[in-house]
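The structure appears below as structure tokens.
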Amino acid sequence: QVQLVESGGGLVQPGGSVRLSCAPSRDIFSFKGMGWYRQAPGKERELVATIASGSRTIYAGSVKERFTISRDNAKNTVYLAMNNLKPEDTAVYYCYVEDYGSLRYWGQGTQVTVSS
């Protein structure tokens, strides 16, 4: 079993920035992929960004050029830097990791609210 500890959400004004962190309880090198999904009220959970073990990244079209996913191997942490936030980015953000057996583990979710 893998535990993921997320942090960094909160209330931010439109146009503002926030960075989410996700620290798994197992070595980051044991995962073939990591990333973030989000779920807004009344909507399906959607992929935001992923980063593979080779650091290849994929972004949802709605966040490309505004969000950046990265990993710090020394800190065993994956980050999601979110810039130029919009009200439609308001959601609960969930970190996940996927191991080489294709099992996914999820964080508890962190709320990001974009509002003036």
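Within the range 87-116, if we keep just the residues that are under 20 Å from F29 (Cβ atoms) and among the acidic types (D, E), the residue that is surrounded by the most Cβ atoms within 10 Å (Cβ to Cβ) turns out to be E98.
Screening V63 with (1) assigned to a loop (DSSP other than H, G, I, E, B); (2) open to solvent by 30 Å² or more (accessible area, probe 1.4 Å); (3) at pLDDT 95 or above gives one miss only, at (2). Please go through the range 66-86 and give me each residue that is open to solvent by 50 Å² or more (accessible area, probe 1.4 Å) and either part of a loop (DSSP other than H, G, I, E, B) or charged (D, E, K, R) (or both), ordered by number. Of everything in the range 66-86, those that are open to solvent by 50 Å² or more (accessible area, probe 1.4 Å) and either part of a loop (DSSP other than H, G, I, E, B) or charged (D, E, K, R) (or both) turn out to be N73, A74, K75, N83, N84, K86. Scan the range 1-56 for residues that are in a helix (DSSP H, G or I) and either hydrophobic (A, V, I, L, M, F, W, C) or surrounded by 18 or more Cβ atoms within 10 Å (Cβ to Cβ) (or both) and the total you get is 2.
If you check every pair at least six apart or on different chains, which have Cβ atoms under 7 Å apart with a residue in the range 1-24 that is more than 16 Å from V63 (Cβ to Cβ) and among the hydrophobic types (A, V, I, L, M, F, W, C) first and a residue that is open to solvent by 40 Å² or more (accessible area, probe 1.4 Å) and not in a strand (DSSP E or B) second? Final answer for the pair search is V2/S25; V2/R26; L11/S115.
The values are calculated or read from the model by the stated rules, or taken from the named source; none is laboratory data. Computed from a predicted structure; not experimentally measured. Neighbour counts run over all protein chains shown; Cβ positions are idealised from the backbone, glycine included. To get the accessible areas, we keep the full protein, side chains included, count just its heavy atoms, and leave off ligands, DNA and RNA. Shrake-Rupley method; radii C 1.70, N 1.55, O 1.52, S 1.80 Å.
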